[in-house]
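Written below as C-alpha cells is the structure these notes are about.
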Amino acid sequence: MSPNITLRSAAALLALLGAGCTLPAETSFVESAGRATVGQPVGPDARGETCFVQPGVAGAADLPIATAREVFCGGWTQPSARLIQTRGSNEPSQLDALARGGVWRSALEQRVACGDPQATTTANGAAVRILSCTRRQGGWPHTALVIAGAGGPLLAEVIATAMPVVARLAAAQADQGAGAPPRSALLEIAP
C-alpha cells in the first residue's frame, strides 16, 4: 500500500472524527428540565426562599387529569412540590379512597412510605387528607395531600418547607385567587 493512500485515509478519518466534535446549532438544544428559571411567582416557602410554579409532568392518577404543576423554591433543581389537579368528586369518600389506595397512592408508595391519612382542612375550609411520609431513599420527610379543589381533588407531594406554598396555591385555586388566606389547619398538623 502506498504511503500517500495511508496518509489520505488517516486524514479523512481524522476529519470525519473531528466533524463529530463540533457543537450543534443553539436551536438543537432542549431547555433543561431542572430548576425553574421561569414560571409564575407564588411567594416564599417556610425558609423565605422565592418559589415559582410552572407546568409539570402528569403522574399516575385515578381520575382524569386537568393540569399538572411543579413548584421550585430557592436554588433547588428538583421540585419542592408536585401538584396534579384532577376532575372528579370532592366527596369525603372520594378523598379518602384516593388517600388510602389506588393508582396515585401505589405510585407514591414506590418512592415513599406513608402512614394513614389524617383529615384536616385548608384555610378556606376545603377538606384535606394529609399523609406523613418518609422517602425510601435517604429517609427524608415527605408529605402527600389530597385536597378538595376547584373541579375535583388536587393530589400533591411536597417537602415540608414548601407546605405554605401548596396551602396558598390550594386556597387561591378554591377562592379563584381572592387575597391571601388565613393560616390553614393543614399547616398546624403538617410534619
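The values are calculated or read from the model by the stated rules, or taken from the named source; none is laboratory data. Given the structure is predicted, the values throughout are model-derived calculations rather than measurements. FYI the Cβ positions are ideal-geometry reconstructions off the backbone, even for glycines, and counts take in every protein chain you see. In case anyone asks, the SASA skips ligands and DNA or RNA and just uses the protein heavy atoms, side chains included. Shrake-Rupley method; radii C 1.70, N 1.55, O 1.52, S 1.80 Å.
A count restricted to segment 79-100 and to residues that are out of contact with any strand residue (DSSP E or B) (no Cβ under 8 Å at 6 or more places or on another chain) and of a type in the set (S, T, N, Q) stands at 1.
Here's a check for you: in segment 137-150, which residue that is surrounded by 13 or more Cβ atoms within 10 Å (Cβ to Cβ) and more than 16 Å from residue 169 (Cα to Cα) is farthest from the chain's Cα centre (by Cα)? Spell out the reasoning first.
Step one: of segment 137-150, the residues surrounded by 13 or more Cβ atoms within 10 Å (Cβ to Cβ) are 141-150.
The next check asks that each one be more than 16 Å from residue 169 (Cα to Cα); those that pass are 141-142.
Details: 141: 16, 142: 12 Å.
Among those that are surrounded by 13 or more Cβ atoms within 10 Å (Cβ to Cβ) and more than 16 Å from residue 169 (Cα to Cα), it is 141.
Go through segment 151-160 and report how many residues are modelled with pLDDT of 90 or more, open to solvent by 40 Å² or more (accessible area, probe 1.4 Å) and in contact with a Gly (Cβ under 9 Å, 6 or more places away or on another chain). Give the derivation first.
Pass one, segment 151-160, residues modelled with pLDDT of 90 or more: 152-159.
Cutting the leftovers down to open to solvent by 40 Å² or more (accessible area, probe 1.4 Å) gives us 159.
If we keep only those that are in contact with a Gly (Cβ under 9 Å, 6 or more places away or on another chain) as well, we get none.
Result for segment 151-160: 0.
Only one of the numbered conditions (1) at pLDDT 95 or above; (2) within 30 Å of residue 48 (Cβ to Cβ) is not met by residue 165, and that is (1).
Take residue 61 and decide whether it is within 12 Å of residue 154 (Cα to Cα), in contact (Cβ under 8 Å) with a residue 12 or more places away in the chain, in contact with a helix residue (DSSP H, G or I) (Cβ under 8 Å, 6 or more places away or on another chain) and not in a strand (DSSP E or B).
Details: within 12 Å of residue 154 (Cα to Cα): yes; in contact (Cβ under 8 Å) with a residue 12 or more places away in the chain: yes; in contact with a helix residue (DSSP H, G or I) (Cβ under 8 Å, 6 or more places away or on another chain): yes; not in a strand (DSSP E or B): yes.
It is true that residue 61 is within 12 Å of residue 154 (Cα to Cα), in contact (Cβ under 8 Å) with a residue 12 or more places away in the chain, in contact with a helix residue (DSSP H, G or I) (Cβ under 8 Å, 6 or more places away or on another chain) and not in a strand (DSSP E or B).
Set side by side, the residues 77, 120 differ, and just one is touching a residue at least 40 places away in the same chain (Cβ under 8 Å), open to solvent by less than 40 Å² (accessible area, probe 1.4 Å) and hydroxyl-bearing (Ser, Thr, Tyr), which is 120.
Just one of the listed residues (185, 127, 180) is more than 20 Å from the chain's Cα centre (by Cα), at pLDDT 90 or above and among the aliphatic types (A, V, I, L, M), and it is 127.
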